[in-house]
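The values are calculated or read from the model by the stated rules, or taken from the named source; none is laboratory data. Quick caveat: nothing in here was measured; it's all calculated off a predicted structure. Counting neighbours? That spans all protein chains shown, and the Cβs are built from the backbone with ideal geometry, glycine included. When the accessible area is computed, the model is the full protein with side chains, heavy atoms only, and any ligands, DNA or RNA have been set aside. Shrake-Rupley method; radii C 1.70, N 1.55, O 1.52, S 1.80 Å.
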Amino acid sequence: MVHSDPVSLDAVFAALSDPTRRAVLETLGERSLSVTELAEPHGMSLTGFMKHLRVLEDAGLISRTKEGRVVQCELSPRPMQEAAVWLSRYEKFWTGRLDALARYLYHQEETEWQNLPHPHKHKSDPRSPSAGTTPSPPKKSGARGPTRKR
């Protein structure tokens, strides 16, 4: 898959692989924020957080603009749309495979169900279809013992 866009899917998936970066994208999906506002909930140094923003920017997922001393970040959804298109091909592939598996398993279950012995088919034969035997229950008392002469 060749694109005129210099951003690669590898960079997009690498950027999406980190939970901090995914959280930043989710936050930016709601509204644009300054770097300081974005970094606050993550409990890390601003320098460490800036590295995450650099990865997102290199992947084309965010854009930064500077207004005076404040750097604003905004979501750039196009690379995610391209990744979603790429993933949708595999979604179609796996959906087709899973549907075929479901049909196969349904057929197997139906075949096994039809091959099971059904008790109502042989009402004239009261025996169990199994080859095993069940022992008779033990007698409640023994034989009659000797009696006394009177």
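If I ask for residues that are among the hydroxyl-bearing types (Ser, Thr, Tyr) and either within 30 Å of the chain's Cα centre (by Cα) or within 13 Å of Arg21 (Cα to Cα) (or both), which ones from the stretch 33-87 would you list? It would help to see each step written out before you state the result.
Filtering the stretch 33-87 down to residues among the hydroxyl-bearing types (Ser, Thr, Tyr) leaves 34, 36, 45, 47, 63, 65, 76.
If the condition is that a residue be among the hydroxyl-bearing types (Ser, Thr, Tyr) and either within 30 Å of the chain's Cα centre (by Cα) or within 13 Å of Arg21 (Cα to Cα) (or both), then Ser76 is the only one that fits.
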Checklist entry - List the pairs whose first member sits in the stretch 88-110 and is more than 30 Å from Leu9 (Cα to Cα) and among the polar types (S, T, N, Q), whose second member is assigned to a helix (DSSP H, G or I) and open to solvent by 100 Å² or more (accessible area, probe 1.4 Å), and whose Cβ atoms are under 8 Å apart, counting only residues at least 6 apart or on separate chains? => result none
Checklist entry - Can you name the residue in the stretch 62-106 that is open to solvent by less than 70 Å² (accessible area, probe 1.4 Å) and among the charged types (D, E, K, R) and is also farthest from Leu46 (Cα to Cα) among such residues? => result Glu82
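Would the stretch 111-130 turn up any residue that is part of a helix (DSSP H, G or I), at pLDDT 75 or above and open to solvent by less than 90 Å² (accessible area, probe 1.4 Å)? Quick ask: steps written out before the conclusion?
Going through the stretch 111-130, the residues part of a helix (DSSP H, G or I) turn out to be 111-115, 119-121.
Going one step further and asking which of them are at pLDDT 75 or above, we end up with 111-115.
Among the residues that remain, those that are also open to solvent by less than 90 Å² (accessible area, probe 1.4 Å) are: 111.
Yes: the stretch 111-130 contains one or more residues that are part of a helix (DSSP H, G or I), at pLDDT 75 or above and open to solvent by less than 90 Å² (accessible area, probe 1.4 Å).
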Item to check | For Leu56: the one exception among (1) part of a helix (DSSP H, G or I); (2) open to solvent by 40 Å² or more (accessible area, probe 1.4 Å); (3) in contact with a helix residue (DSSP H, G or I) (Cβ under 6 Å, 6 or more places away or on another chain) | outcome: (2)
Checklist entry - Among all residue pairs at least 6 apart or on different chains, which show Cβ distances below 6 Å where the first residue, located in the stretch 54-81, is at negative phi and the second is open to solvent by 60 Å² or more (accessible area, probe 1.4 Å) and of a type in the set (Asp, Glu)? => result Ser63/Glu74
Checklist entry - Among Ser45, Ser63, which is the only one that is among the polar types (S, T, N, Q) and in contact with a Ser or Thr (Cβ under 7 Å, 6 or more places away or on another chain)? => result Ser63
Checklist outcome for this item: Going through the stretch 38-71 in order, the residues found to be of a type in the set (Lys, Arg) and over 15 Å from Ala11 (Cα atoms) are Arg64, Lys66, Arg69
